[in-house]
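Read through the structure below, which is laid out as structure tokens, and then see the notes.
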Amino acid sequence: MRQSELMQDIGVLKRQAAEAAVAHVESGMIVGLGAGSTALKALECIAERLMAGRLTDILGVPCSEQVAEDASRLGIPLTTLACHPRVDLTIDGADEVDPQLRLIKGGGGALLREKIVAQASDREMIIVDERKLSDRLGMQWALPVEAISFGLRAQIDYIERLGATVQVRTVPEGSPFRTDSGNLILDCQFGPMEDPDSIAGALESRAGIVEHGLFLDLATDLIVASPSGIEHRTR
């Protein structure tokens, strides 16, 4: 299959997953709006339902500045956690998902705000195509870790002692990537993780590390799109 045909097929799967998730959005809800290419499909589906009158009176809580821009462009009304600290349903993507519905997120750099919104949500619905499924986290994806600039070398050394190879994320021009909060992202290649909880705990104990991309007990629903159809798993 040619690359263009493969990407087209993946785009179809992402749209199917998004449509299945947005079917759970009801009028009057506060909806968390996740970041990433699959979550963008969900924004488009929500906007279409609003325009058609199939959804009314919803408010979205965006997980990044880019998501806020995309949602505004599509005509989705927005709010904040300051105004609505409880979110009914968040629809978000993931970089990698294991059989226990544990996730690696942060490929787009929005992991801190995504986790804040996820923790405020009654339901965290993750939408992926089948490529994102792994037997163990870390088989396909490095773990993003958000850190402040001060003492960065010490944080890198600490994470390397935990067993990872660490790379500071950069933009195409070569300068360091900055999150919406002005922090850096360290892409940490642990390989297949036997105990993600221990890695999460070690990272959370370290000053200077703001957040990590392990979402271990947050996903309540997983929607997987594949050529054979849609699968909806719950935890």
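Rule-based calculations on the coordinates, nothing more; no lab input. As the structure is a prediction and not an experimental result, all values here were calculated from the model. All Cβ positions, even for glycine, are placed from backbone atoms using ideal geometry, and neighbour counts span all protein chains on display.
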Assuming R0 = 25 Å, what is the FRET efficiency of Arg178 and Glu204, from their Cβ-Cβ distance, to the nearest 0.05?
0.70
Using a Gaussian network model of the chain with C-alpha springs under 10 Å, which one of Ala147, Ala219, Ala23 is most mobile by mean-square fluctuation?
Ala23
If you work out semi-axes √(5λ) of the Cα gyration tensor in Å from the coordinates, which of (i) 42, 18, 13; (ii) 24, 21, 18; (iii) 29, 20, 17 do you get?
(iii)
Please list, ordered by chain and number, the residues whose modelled amide H lies under 5 Å from the amide H of Glu96; skip anything fewer than 5 residues away on the same chain.
Ile104
From DSSP H assignment alone, runs of 4+ in the chain each adding -39500 (n - 2.57), the sum over residues rounded to the nearest 500 puts [θ] at 222 nm at -10000 deg cm²/dmol
Set of lysines with alpha-carbon distance to Lys14 below 19 Å, sequence-local pairs under 8 removed:
Lys41, Lys105, Lys132
How far apart, in nm, are two points set 7 Å out from the Cα along the Cα-to-Cβ line at Ser226 and at Phe150?
4.9
Could you give the nm distance between label points at Val171 and Glu65, where each point is 7 Å from its Cα heading toward the beta carbon?
1.0
So if I place +1 on the C-beta of Lys and Arg and -1 on the C-beta of Asp and Glu, and nothing else carries charge, what would the dipole magnitude of the chain be about its Cα centre? I want it in debye, nearest 20.
200
Kindly express, to the nearest 10 degrees and within the range 0 to 90, the angle between helix 152-161's C-alpha long axis and the longest C-alpha principal axis of the chain.
80
Expected unfolding gain across Met139-Thr79 under the 0.36 nm per residue rule, minus the alpha-carbon gap, is 18.0 nm
Integer Hz, Karplus 6.51/-1.76/1.60 couplings in order for the stretch 43-59, x for Gly and Pro:
4, 5, 5, 4, 4, 5, 5, 5, 5, 7, x, 7, 10, 9, 6, 9, 10
Quick check: the distance between the Cα centres of the stretch 64-95 and the stretch 201-215, to the nearest angstrom?
24
Would you mind ranking Phe177, Phe215, Phe150 so that the residue whose beta carbon has the fewest other beta carbons within 10 Å leads the list?
Phe150, Phe177, Phe215
Each residue of the stretch 24-29 in order: what ³J(HN,Hα) in whole Hz does its phi give by Karplus 6.51 cos²θ - 1.76 cosθ + 1.60, θ = phi - 60°, with x for Gly and Pro?
8, 7, 10, 4, x, 7
³J(HN,Hα) computed for each position of the stretch 137-150 - Karplus, 6.51 cos²θ - 1.76 cosθ + 1.60, integer Hz, glycine/proline x:
5, x, 6, 10, 9, 6, 8, x, 10, 8, 9, 7, 5, 5
Quick check: net charge around Gly28, other residues with Cβ under 11 Å of its Cβ, Lys/Arg +1 and Asp/Glu -1?
-3
When only DSSP loop residues count, what trypsin sites (Lys or Arg not before Pro) in the stretch 73-108 have their Cβ near at most 13 other Cβ atoms within 10 Å?
Arg86
Measuring from a point 7 Å past the Cα of His24 along Cα-to-C-beta, which residues in the stretch 63-100 have an amide N at less than 19 Å?
63, 86-100
How big is the dipole moment of the stretch 143-211 about its Cα centre under a simple scheme where the beta carbon of each Lys and Arg is +1, that of each Asp and Glu is -1, and everything else is neutral? Debye, nearest 20, please.
280
